[in-house]
Each structure stands twice: as C-alpha cells, then as structure tokens.
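Below is one structure, written out as structure tokens, with a few remarks after it.
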Amino acid sequence: MIVERTHIDDLLIIKPDVFEDNRGYFTESFNAARFKSKTGLDVVFVQDNESMSNKNVLRGLHFQKPPHGQGKLVRVVKGAVLDVAVDIRKGSPTFGQYAKVELNEKNKLQFYVPPGFAHGFLVLEDHTIFSYKCTNYYNRESEDGLRWNDEAIGVDWGISNPILSEKDKHAQKLDGNFVSPFEYV
C-alpha cells in the first residue's frame, strides 16, 4: 500500500497493492493494521455504503455536522468518478480549498476524507459503483452540504449541467452565511 498526502492536511490518496495475472486480480481493499501503520491514523469504520450512479450524476458536496461527523474511505468498484473534498475546518490554512482525484476500477485508488471536509463526486461512466467506509453512522438531522458550483470554492468539475438531487441544487454557499461546525487541530 502506498499513501500519498495531498496539499491539504489529512486528505490521503491510497494506492492498495494489486496482484494481477491471467486469471484477473486480487486486492485487499482494507486492513485496519496496515491502514494505521501506513497512515498513522487509528480510525474505526462502523458503516459501509455503496451507490450506483450513471454518467453526469453529481453527488455532493456533503458532510455531517458534529457530533456525527464522518470520516470516509472511498473507492470505485466499477466505472469512474471525479472525487472532491473541500476543507471546511475553521482555522485551517487551507479552509475553502479542495483536492480532487479520479477514482476508477482500473487505478483502484482510494481517497481518505476525514471529518471536517465536504465531500462529493461526479460520475464519469454509466453504472458506476461507488463504495465507502464511514467512521460514524449516518444521522439525517446532522446532514448538510455546500453548493457543488460555489464560486468561492471553484471546483473545476469539467461539466456545467450535472444531474443533481433537489437537496444538492439548493445547498448553501461557502461565501454566504456558512458557519463551519468543524475546528482545525
């Protein structure tokens, strides 16, 4: 496993070991001891989620407010996404900045997004299966989000008219009255 640090503290791109031959491939998608050893993080995942989406669906930018904040270890099982995480931790030197990575079934990359980040992804291929582990349980009353096309964040999604949920169409803007519930430590 190779761990690559992004320009934003605590966001990690993880390349798992993949063993391929003429039969196919094998990869260990998660091992708690190796994850802790390679990242220095002692996280406990309590919930696994999976979604299937078609091309041009954009989900996000979502987060859960404390005390239900979620860290996520995300990956693509089939297809491809452009995955984005935005730093929303008050006091962070990278507040409002984002990191993005393409996750797909070929590169098998994973992205670790800790609590304190808004997270979303744009689906690049039909029938994409997106899988993620969470460090906290989903809590409807704690869910929140930022607008996918907020100019203050400036994510270049490479699309101007994605398929959005009603909730995502009307999410708040970072440069509006947004008050982050997260602190940078």
For a label point 7 Å along the Cα-to-beta-carbon line of Phe26, residues of the range 104-121 with backbone N under 19 Å: 108
Cβ-Cβ FRET estimate between Lys15 and Glu151, R0 fixed at 25 Å, reported to 0.05: 0.15
Label-point separation, His68 to Asn49 (7 Å along Cα→Cβ), nm: 1.1
Ser37 paired with Asn161, simple spin-label distance in nm, labels 7 Å along Cα-to-beta-carbon: 5.2
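So what is the relative contact order of the chain, in percent, for Cα pairs below 8 Å that sit 6 or more residues apart?
Values: 419 pairs, mean separation 53.4, N = 185.
Across the chain, relative contact order equals 29 percent.
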GNM result for the chain, Cα springs below 10 Å: residue of Asp42, Asp21, Asp156 fluctuating most strongly: Asp21
Debye, to nearest 20: dipole size of the chain, +1 on Lys, Arg Cβ, -1 on Asp, Glu Cβ: 200
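Please tell me which of these pairs span more than 28 angstrom C-alpha to C-alpha: Lys106/Lys167; Lys36/Lys173; Lys78/Lys173; Lys90/Lys167; Lys65/Lys106?
Beyond 28 Å: Lys106/Lys167; Lys36/Lys173; Lys78/Lys173; Lys65/Lys106.
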The range 106-118 - phi-based ³J(HN,Hα) in whole Hz, Karplus 6.51/-1.76/1.60, Gly and Pro as x: 7, 7, 6, 5, 10, 10, 9, 10, x, x, x, 10, 8
Calculated from backbone phi, Karplus (6.51, -1.76, 1.60) coupling profile of the range 7-14 in Hz, x at Gly/Pro: 6, 10, 3, 5, 8, 10, 9, 10
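Mind running the shape call on the range 93-175? Use the C-alpha gyration tensor, a ≥ b ≥ c as the square roots of the eigenvalues: rounded below 1.5 for a/c, prolate if a/b tops b/c, oblate otherwise.
Values: a/c = 1.33, a/b = 1.15, b/c = 1.16.
Rounded is the answer for the range 93-175, as its axis ratio a/c remains below 1.5.
How big is the dipole moment of the range 48-110 about its Cα centre under a simple scheme where the beta carbon of each Lys and Arg is +1, that of each Asp and Glu is -1, and everything else is neutral? Debye, nearest 20, please. Could the numbers behind the result be given before it?
Working: 11 positive and 6 negative charges, 14 e Å.
Taking the Cα centre of the range 48-110 as origin, the dipole is about 60 debye.
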In sequence order, calculated HN-Hα J values of the range 63-75 (Karplus, 6.51, -1.76, 1.60; Hz; x Gly/Pro): 7, 10, 6, x, x, 9, x, 10, x, 9, 10, 10, 7
Amide H contacts of Leu12 (H built 1.01 Å from N, under 5 Å, at least 5 apart or other chain): Tyr112
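Subtract the Cα-Cα distance of Asp126 and Tyr184 from 0.36 nm times their separation in residues, and report this length gain in nm to one decimal.
Details: separation 58, 0.36 × 58 = 20.88 nm, distance 3.70 nm.
Extending this stretch completely gives an extra 17.2 nm.
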Gyration tensor (alpha-carbon) shape descriptor, the chain, a/c threshold 1.5: oblate
Nearest-0.05 FRET efficiency for Lys106 and His7, computed from C-beta distance (R0 30 Å): 0.75
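Taken together, the values in this text are just the output of simple stated rules run on the coordinates, not laboratory data. Nothing here was measured: the structure is a model prediction, and the numbers come from that model. Cβ atoms come from the backbone with ideal geometry, glycine included; neighbour counts cover every protein chain shown.
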